[in-house]
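To keep things clear, I will list the structure first and then write my remarks on it.
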Amino acid sequence: LRPGQKVMHPGPMNRGVEIDPRVADHAESLIEFQVRAGLVTRMAVLYDLLTHGPVGVQSASLTEVA
């Protein structure tokens, strides 16, 4: 890698197929941080959707459905 060059990949990653392991494990690799941030972001979106639902959509209560 050139000095200051960063490597990113959202994961999951096939080492040796998509990216050379030496590049993935390089000190300038941000792959671990990107995977961690993506996981937390997806968890937050799912939590928000499951607890609040989409904006502008009212959820039916159990008594309305029955």
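For His9, His52, what's the fewest-to-most ordering of other Cβ within 10 Å of each Cβ?
Final ranking by Cβ density, sparse to dense: His52, His9.
If we count every other residue with Cβ under 14 angstrom of Val40's Cβ, Lys/Arg +1 and Asp/Glu -1, where does the sum land?
Details: positive: Arg36, Arg42; negative: Glu32, Asp48.
That works out to 0.
What is the sum of charges, Lys and Arg at +1 and Asp and Glu at -1, for the other residues whose Cβ falls under 12 Å from the Cβ of Val7? Once all neighbours under 12 Å are counted, the net charge is -2. Starting from the Cα of Ala24, step 7 Å along the direction of its Cβ; do the same at Lys6; then give the gap between the two resulting points in nm. A separation of 2.0 nm, rounded to one decimal place.
Just so you know, all these numbers are worked out from the coordinates, no wet-lab data involved. Computed from a predicted model, the values in this text were never measured in an experiment. Note: ideal-geometry Cβ built from the backbone for every residue, glycine included; neighbour counts use all protein chains shown.
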